[in-house]
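Peer 1: Take a look at this one; I'll ask things after.
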Amino acid sequence: MSAISERRERERAQRHQLIITAARELAEAEGWEAVTTRRLAERVEYSQPVLYSHFDGKDAIMRAVALEGFAELADRLRRVRLASTEPSRALHAVGRAYLDFAAEQPALYQAMFELPTDVKFAHAETPASLRAGFDEFVSCFDPDDPRRELLAEVTWSALHGIAALAKSGRIPPGGQAERLDLIVTRIAGTP
């Protein structure tokens, strides 16, 4: 590859990332309804055709944002799980990190887990970053337990429910620690 081709490819990758970053920032500030190709084009100072040369439309942009979020979440969950000094506390640390992630970046979380998407969950085509995040939950359970993935799935489902209900104001924001303790105690059987 020539130096010019490499530079063009690097510039294209930078533009691609710029669009994703702008979409995330706009969604966090104003919600996903505010994210349009017109507004993104203005924000990144490129024409709409340039945006369409990177993405087929808003759904493709939201998918790219979600994939980036899955990688960030998996990394955060891995770090806290590995930092747990007691294996019995790993699930608690992972659960806390999950809830914090959802609360800190509600629009990103929404793109990842709430808005319609073509991202495949629990499927052969599941993106590696999504699977990596789920595997952090699985890693918190006894490797000899044949229900390990089921326990991880139920834990994740419960945490997602807490995150969604807290965000919508349907459960009080206080009490997150107690809810997490209950999940860990009942599902994992650890304090």
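Peer 1: In the range 158-186, what count of residues is obtained for those that are surrounded by 16 or more Cβ atoms within 10 Å (Cβ to Cβ) and farther than 17 Å from GLU86 by Cβ? So that I can check it myself, show each step before the final result.
Peer 2: We begin by selecting, within the range 158-186, every residue surrounded by 16 or more Cβ atoms within 10 Å (Cβ to Cβ); these are 158-160, 162-164, 166-167, 176, 179-180, 183-184.
Those still in the list that are farther than 17 Å from GLU86 by Cβ too: 158-160, 162-164, 166-167, 176, 179, 183.
Residues flagged as surrounded by 16 or more Cβ atoms within 10 Å (Cβ to Cβ) and farther than 17 Å from GLU86 by Cβ within the range 158-186 amount to 11.
Peer 1: Moving to a separate point now. Examine the range 57-75 for a residue that is within 18 Å of PHE101 (Cα to Cα) and either hydroxyl-bearing (Ser, Thr, Tyr) or touching a strand residue (DSSP E or B) at 6+ places or on another chain (Cβ under 8 Å) (or both), and state whether such a residue exists.
Peer 2: Scanning the range 57-75 turns up no residue that is within 18 Å of PHE101 (Cα to Cα) and either hydroxyl-bearing (Ser, Thr, Tyr) or touching a strand residue (DSSP E or B) at 6+ places or on another chain (Cβ under 8 Å) (or both).
Peer 1: Let me ask something additional. Out of the range 1-46, which residues are assigned to a loop (DSSP other than H, G, I, E, B) and more than 17 Å from ALA64 (Cα to Cα)? Can you show your working first?
Peer 2: First, pick out the residues of the range 1-46 that are assigned to a loop (DSSP other than H, G, I, E, B): 1-2, 31, 35-36, 45-46.
Listed by number, the residues that qualify are MET1, SER2, GLU45, TYR46.
Peer 1: So GLY31 clears everything in (1) small (Gly, Ala, Ser); (2) free of Cβ contacts under 8 Å to residues at least 60 places away in the same chain; (3) under 29 Å from ARG179 (Cα atoms) except one condition, right? Which one?
Peer 2: Among (1) small (Gly, Ala, Ser); (2) free of Cβ contacts under 8 Å to residues at least 60 places away in the same chain; (3) under 29 Å from ARG179 (Cα atoms), the lone unmet condition for GLY31 is (2).
Peer 1: Among the residues of the range 10-68, count how many are of a type outside the set (A, V, I, L, M, F, W, C) and in contact with an Asp or Glu (Cβ under 7 Å, 6 or more places away or on another chain). First the steps, then the outcome.
Peer 2: So the first thing to find is which residues in the range 10-68 are of a type outside the set (A, V, I, L, M, F, W, C), and the list is 10-12, 14-17, 21, 24-25, 28, 30-31, 33, 36-39, 42-43, 45-49, 52-54, 56-59, 63, 68.
Checking the rest, the ones that are also in contact with an Asp or Glu (Cβ under 7 Å, 6 or more places away or on another chain) come to 63.
Counting residues in the range 10-68 that are of a type outside the set (A, V, I, L, M, F, W, C) and in contact with an Asp or Glu (Cβ under 7 Å, 6 or more places away or on another chain) gives 1.
Peer 1: A further question follows. Across the range 71-121, what is the total count of residues that are closer than 19 Å to ALA22 by Cβ, touching a residue at least 60 places away in the same chain (Cβ under 8 Å) and in a helix (DSSP H, G or I)?
Peer 2: Number satisfying all stated conditions: 6.
Peer 1: Now a separate question. In the range 4-49, what residues are surrounded by 15 or more Cβ atoms within 10 Å (Cβ to Cβ) and of a type in the set (A, V, I, L, M)?
Peer 2: Those that are surrounded by 15 or more Cβ atoms within 10 Å (Cβ to Cβ) and of a type in the set (A, V, I, L, M): LEU18, ILE19, ILE20, ALA22, ALA23, LEU26, ALA27, VAL35, LEU40, ALA41, VAL44.
Peer 1: Next up: Check ASP145 against each of (1) under 28 Å from GLU33 (Cα atoms); (2) touching a Leu at 6+ places or on another chain (Cβ under 8 Å) and name the one condition it does not meet.
Peer 2: ASP145 satisfies every listed condition except (1).
Peer 1: From the residues in the range 85-125 that are surrounded by fewer than 16 Cβ atoms within 10 Å (Cβ to Cβ) and small (Gly, Ala, Ser), which one is nearest to ASP135 (Cα to Cα)?
Peer 2: So, considering only residues that are surrounded by fewer than 16 Cβ atoms within 10 Å (Cβ to Cβ) and small (Gly, Ala, Ser), the one nearest to ASP135 (Cα to Cα) is ALA122.
Peer 1: Moving on. Condition test on GLY174, is it out of contact with any His (no Cβ under 6 Å at 6 or more places or on another chain), in a loop (DSSP other than H, G, I, E, B) and not aromatic (Phe, Trp, Tyr)? Show your work before the answer.
Peer 2: Working: out of contact with any His (no Cβ under 6 Å at 6 or more places or on another chain): yes; in a loop (DSSP other than H, G, I, E, B): yes; not aromatic (Phe, Trp, Tyr): yes.
Yes, satisfied.
Peer 1: What do you reckon, is THR155 in the same structural domain as ALA64 (by TED's automatic domain parsing), part of a loop (DSSP other than H, G, I, E, B) and touching a residue at least 12 places away in the same chain (Cβ under 8 Å)? Explain how you work it out, then say what you get.
Peer 2: Numbers: in the same structural domain as ALA64 (by TED's automatic domain parsing): yes; part of a loop (DSSP other than H, G, I, E, B): no; touching a residue at least 12 places away in the same chain (Cβ under 8 Å): yes.
In short, no.
Peer 1: Restricting to the range 127-146, name every residue that is touching a Phe, Trp or Tyr at 6+ places or on another chain (Cβ under 8 Å) and either assigned to a loop (DSSP other than H, G, I, E, B) or more than 18 Å from GLU72 (Cα to Cα) (or both). Quick ask: steps written out before the conclusion?
Peer 2: So the first thing to find is which residues in the range 127-146 are touching a Phe, Trp or Tyr at 6+ places or on another chain (Cβ under 8 Å), and the list is 127, 129-130, 132-134, 137.
Of everything in the range 127-146, just one residue is touching a Phe, Trp or Tyr at 6+ places or on another chain (Cβ under 8 Å) and either assigned to a loop (DSSP other than H, G, I, E, B) or more than 18 Å from GLU72 (Cα to Cα) (or both), namely PRO127.
Peer 1: Looking only at the range 141-150, decide whether some residue is in contact (Cβ under 8 Å) with a residue 24 or more places away in the chain and over 22 Å from ALA60 (Cβ atoms). Can you show your working first?
Peer 2: Taking the range 141-150 as the starting set, the residues that turn out to be in contact (Cβ under 8 Å) with a residue 24 or more places away in the chain are 141.
Within this subset, residues satisfying the condition of being over 22 Å from ALA60 (Cβ atoms) are 141.
There is at least one residue in the range 141-150 that is in contact (Cβ under 8 Å) with a residue 24 or more places away in the chain and over 22 Å from ALA60 (Cβ atoms).
The values are calculated or read from the model by the stated rules, or taken from the named source; none is laboratory data. Nothing here was measured: the structure is a model prediction, and the numbers come from that model. As a convention, Cβ positions derive from the backbone with ideal geometry for all residues, glycine included, and neighbour counts pool all protein chains shown.
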